[in-house]
1. What are the pairs, 6+ residues apart or on separate chains, where a residue within the range 344-372 that is on the phi > 0 side of the Ramachandran plot has its Cβ under 8 Å from a residue that is basic (Lys, Arg) and modelled with pLDDT under 95?
2. Would you call Ala17 aliphatic (A, V, I, L, M) and either farther than 26 Å from Ser76 by Cα or surrounded by 18 or more Cβ atoms within 10 Å (Cβ to Cβ) (or both)?
3. If you go through the range 93-108 one residue at a time, do you hit one that is closer than 20 Å to Leu58 by Cα and either among the β-branched types (Val, Ile, Thr) or crowded, with 22+ Cβ neighbours inside 10 Å (or both)?
4. Going residue by residue through the range 128-137, is there one that turns out to be part of a helix (DSSP H, G or I), among the small types (Gly, Ala, Ser), closer than 22 Å to Pro363 by Cβ and open to solvent by 40 Å² or more (accessible area, probe 1.4 Å)?
5. Condition first: touching a Gly at 6+ places or on another chain (Cβ under 9 Å) and charged (D, E, K, R). Now tell me which residues in the range 44-101 satisfy that.
6. Could you grab me the full set of residues in the range 1-14 that are under 29 Å from Pro110 (Cα atoms) and either buried (at least 19 other Cβ atoms within 10 Å of the Cβ) or among the charged types (D, E, K, R) (or both)?
7. Scan the range 118-126 and give yes if some residue there is farther than 29 Å from Phe169 by Cβ, modelled with pLDDT under 95, surrounded by 16 or more Cβ atoms within 10 Å (Cβ to Cβ) and among the aliphatic types (A, V, I, L, M), otherwise no.
8. Got a number for residues in the range 285-316 being assigned to a helix (DSSP H, G or I) and open to solvent by 60 Å² or more (accessible area, probe 1.4 Å)?
Amino acid sequence: PCFTHALVAAGYETVLAGRMHFVGEDQRHGFTKRIAPDITPVSWTVPKEKMAQERGSLMECQGVPFCLNYVGAGESPVMNYDKMVIEQVLEYLEEPHEKPQFILVGTYGPHFPYITSKEMYLKYYARWEVTRGARAAYCGLVEIMDSQIGKVKKAFEKYTERRGTEGIFGYCSDHGDTLGERRMFGKQTYYEKSAKIPFLLTGSGVPANKQIQALTSIMDIGPTICELAGTEYTFGEGRSLLPYFAGEEDGERIVVSQFVEKYKGESYASMMLRYKNYKYISYHHYENKDMLFNLKEDPKEGHNCITEKPEVVEYLKNERRKLISFDEMEKQRADHGKRAQLFIAVEKNTGINDEERWKDNPPEARGELEIADRSGKQNHEDLNI
């Protein structure tokens, strides 16, 4: 069960608007309704031909390694999709609803392709010298997204005022983007630009103008929302942050990120542990290249201090071993791939149900840009994307 199940059990209507990466027949996972479809595939078999028709030449650059093939100003599937999602949410908040509401708005921006409006692109392009096109587009997407979420926040506040009820509003991301630092683009690294995300809350029971300094995890969102809503969610490794609101921060907590990536047909497990000021990173079969950063002294993660802090390294190595073995992570990933093949086989025999996938990208948002920055068309072998 997800934390959304706990909210439903407590009497809430749980509403999903937009992107959530749910795959297969179960498109709910504790949500009682969906009011806007998903921009990502909703089936185990990706309908590549359909999506290529809908996205045009921008299809390839919505992922790696071709994210720099189209950089500039114009229309993109990301902006059109997010506009649709926000419109659906604003309409929903204009309507009366009997039950208390938990509404999750899943937008796609800021995300590849690095395309934003002409106004935003020109605003930010002048501020950068390195990978300026991609950064200008990304910053423009962030500002557009902030503006759209601001509209949702105002509509939500009016909605709760009409109902005469209290409310909580939150804003977070699922990952960042390295945006050219270390010649890297995208996510899937443990550096701060990729792994550190914003998480903001406001409303009843949330202290104003307070920044939590202690380490937290995306796993904490569910338990925190549930406790604010008057229920609880105790599964998994997340914890409610309400004690942190009162200053009871846990200085000994370790926050963990995990990833298994494919490279030349092989799987490589990796893990990052955050503890106090330290970040420890280790990759299976490459333990001789483990990294330790002191983020207080070295916020840009430029100096590997692993030989200077043997006691910290030994402690975090032992903690990593307690959590899970790299062999087990790779086995789980392999097992997941085998199980997925059964779902794919079923879809081949029964057909794909992609009713909840967004298919309405307009023709003008398929690669025709007002401003095209071709400086990003480099040899991809030279970039870690």
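The values are calculated or read from the model by the stated rules, or taken from the named source; none is laboratory data. These numbers were taken from a predicted model, which means no experiment stands behind them. Here the Cβ is made from the backbone with ideal geometry for all residues, glycine too, and neighbour counts use every protein chain on show. What goes into the accessible areas is simple: the full protein's heavy atoms, side chains included, and nothing from ligands, DNA or RNA. Shrake-Rupley method; radii C 1.70, N 1.55, O 1.52, S 1.80 Å.
1. none
2. So Ala17 fits the description; yes.
3. yes
4. Checking the range 128-137: not a single residue is part of a helix (DSSP H, G or I), among the small types (Gly, Ala, Ser), closer than 22 Å to Pro363 by Cβ and open to solvent by 40 Å² or more (accessible area, probe 1.4 Å).
5. Result: Arg55, Asp82, Lys99.
6. Within the range 1-14, Phe3, Thr4, Leu7, Glu13, Thr14 qualify.
7. no
8. 7
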